[in-house]
Amino acid sequence: MSLLLRNVSWLVTQNQTRAVLRNVSVRVEDGIITEIGTNPREAADQIIDCEGKIVLPGLINTHTHLAMTMFRGYADDMRLEEWLQSKIWPLERNLTPEICHYGALLGCLEMISTGTTTFLDMYFHMEEVAKAVAAAGLRAYLSHAVFGGEGSELEEKSKESTERFVRFLKELQNPQVNLAIGPHAIYSCSPELLVWSKEVAEQEKTVLHIHLAETRSEQARVEKEHGIRETGYLEKLGFLCPNLLAAHCVWLTKSEVSTLAKRGVKVSHCPVSNMKLASGGVAPIPQMLERGVVVSIGTDGAASNNSLDMFESMKVCALAQAHQRWDPAILAPQKVLDFATIDAAKALGIESRIGSVEVEKEADLVVINTMTPNLVPLDGGSLISDLVYSAKGYNVETTIVHGELLMKNRVIQTLNESEIYEKTQENALTLIKQG
Ligand SMILES: [Zn+2]
């Protein structure tokens, strides 16, 4: 299968030089970019005319709970602990594989339609999420949420579910549906479970994913119980490692940031979710960058966001840092776009395959329609600024993963939209009634 994106007006490469190329074509063969230039071979199985369009690498969302998209708008305006304990966990007790499958499909629809091509997920009934991702044609790293106090039944169940999921993905043999290991958080996992999770991630050579330092009260609780802050606690357990991708990282001291940097830990910054749950403070992104920590962006689940639109999260990321630091230039738009593309690929350890538009990389691409009120005028200052501050998910016209068109001219190609909307609406209302 060959695909030609012809006459791209602006090609945002996100390569080493961060070049934006003008009036070039991109040729794709069997899912891989084979040519970028002004004179490509014209014959192709599919041709997309990109005159007047922007093409950029597909966006990468490094922290979400996909099936929770069905809880959108269910429990707004609450703090994390209350939100989890009184609203989310009671509902989750009644989850079924089928409900999670449709919740995940809804999340896939939203990602495809807003330009996300790869994501890192942590939730339950992950076999169903994997099937949804495979049907949608997206690229994902999926982790079964690991929970449980020392010696608890939940601890054993979490291990069993994770082991079963590891086997399931091996049998599925879909190179776009990958494994991650997801111990939920320090406050919800025994130290043994954390160490076990790290060992499984090492053995399977994959991403280890955890929630870290999301709220001040969580840090206070760990300090009270263990006499040490969260990062120190994980360091003592030998948990910190280069394949660890930690979500949130809001309440970190400078010395904790240094510890993360020393161990090569990667960060998924979730500004919209943090602000919505009133986590207070703002993640110390500039300090992380000073110390060389790789930073990426996550939306978190739609239940605490309420969207999976990475354009929105990029904008809020930039605004939150500028506002907090009284410095509008604290975070360059180019860096913010890096967080959502090439740096996120680094955070997942797959920057040689995705995150930029380069020959021999996977054709995970997004085409932006510029003939919309919010993108005119364009490129008067900086095109990258336009993408971070002005663009919205709905400006995405076509979404491509491994050369496959998942959405073409805003029409989803791989999933049955109306069935997913109907089913999810019905499932969500039933769960809410039961909860
Ligand atoms: Zn989360």
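Looking only at the range 171-215, which residues are open to solvent by less than 30 Å² (accessible area, probe 1.4 Å), over 21 Å from the mean Cα position of the chain (by Cα) and charged (D, E, K, R)? The answer is none; no residue qualifies.
The lone criterion from (1) out of contact with any Lys or Arg (no Cβ under 8 Å at 6 or more places or on another chain); (2) among the polar types (S, T, N, Q); (3) within 15 Å of the ligand (Cβ to nearest atom) left unmet by residue 279 is number (1).
Is it fair to say residue 312 is under 28 Å from residue 92 (Cα atoms), modelled with pLDDT under 95, open to solvent by 10 Å² or more (accessible area, probe 1.4 Å) and more than 16 Å from the ligand (Cβ to nearest atom)? So residue 312 does not fit the description; no.
Just give me the residues in the range 282-309 being within 15 Å of the ligand (Cβ to nearest atom) and either of a type in the set (Ser, Thr, Tyr) or not in a loop (DSSP other than H, G, I, E, B) (or both), in sequence order.
Going residue by residue through the range 282-309, those that are within 15 Å of the ligand (Cβ to nearest atom) are 283, 296-308.
296, 297, 299, 302, 303, 304, 307 - these are the residues of the range 282-309 that are within 15 Å of the ligand (Cβ to nearest atom) and either of a type in the set (Ser, Thr, Tyr) or not in a loop (DSSP other than H, G, I, E, B) (or both).
If the condition is being at pLDDT 95 or above, open to solvent by 50 Å² or more (accessible area, probe 1.4 Å) and in a loop (DSSP other than H, G, I, E, B), then the range 343-388 contributes 349, 351, 352, 353, 358, 359, 360, 371, 376, 377. For the range 218-226, the criterion of being within 16 Å of the ligand (Cβ to nearest atom), under 25 Å from residue 344 (Cβ atoms) and not β-branched (Val, Ile, Thr) is met by at least one residue. Applying a threshold of 7 Å to beta carbon distances and a minimum spacing of six or more residues, or different chains, the list of pairs starting in the range 190-207 at a residue that is of a type in the set (Ser, Thr, Tyr) and ending at one that is assigned to a helix (DSSP H, G or I) reads 190/155.
Scanning the range 251-276 for residues that are within 13 Å of the ligand (Cβ to nearest atom) and open to solvent by 20 Å² or more (accessible area, probe 1.4 Å) yields a count of 1. Would you mind stating whether residue 356 is over 16 Å from residue 270 (Cα atoms) and touching a strand residue (DSSP E or B) at 6+ places or on another chain (Cβ under 7 Å)? So residue 356 passes the test. The residues in the range 182-220 that are modelled with pLDDT under 95 and touching a Pro at 6+ places or on another chain (Cβ under 8 Å) can be counted, and the count is 0.
Annotation: residue 101 fulfils all but one of (1) without any contact (Cβ under 8 Å) to a residue 40 or more places away in the chain; (2) surrounded by fewer than 24 Cβ atoms within 10 Å (Cβ to Cβ); (3) within 16 Å of the ligand (Cβ to nearest atom); the unmet one is (3). Within the range 1-53, being open to solvent by less than 40 Å² (accessible area, probe 1.4 Å), within 23 Å of residue 393 (Cβ to Cβ) and part of a loop (DSSP other than H, G, I, E, B) holds for 13, 14, 50, 52. Among residues of the range 54-87 being assigned to a helix (DSSP H, G or I), of a type outside the set (S, T, N, Q) and surrounded by 22 or more Cβ atoms within 10 Å (Cβ to Cβ), the one that is nearest to the ligand (Cβ to nearest atom) is 68. Of the listed requirements (1) open to solvent by less than 20 Å² (accessible area, probe 1.4 Å); (2) of a type outside the set (A, V, I, L, M); (3) in a helix (DSSP H, G or I); (4) more than 16 Å from the ligand (Cβ to nearest atom), residue 168 misses just one: (1). Candidates in the range 92-119 are the residues that are of a type in the set (D, E, K, R) and over 27 Å from residue 350 (Cα atoms); of these, the one that is modelled with the highest pLDDT is 98.
The values are calculated or read from the model by the stated rules, or taken from the named source; none is laboratory data. What you are looking at is a predicted structure, and each value in this text was computed from that prediction instead of being measured. Reconstructed Cβ throughout: ideal geometry from the backbone, glycine too, with neighbour counts over all protein chains shown. Keep in mind that these areas ignore ligands, DNA and RNA; they rest on the heavy atoms of the full protein, side chains included. Shrake-Rupley method; radii C 1.70, N 1.55, O 1.52, S 1.80 Å.
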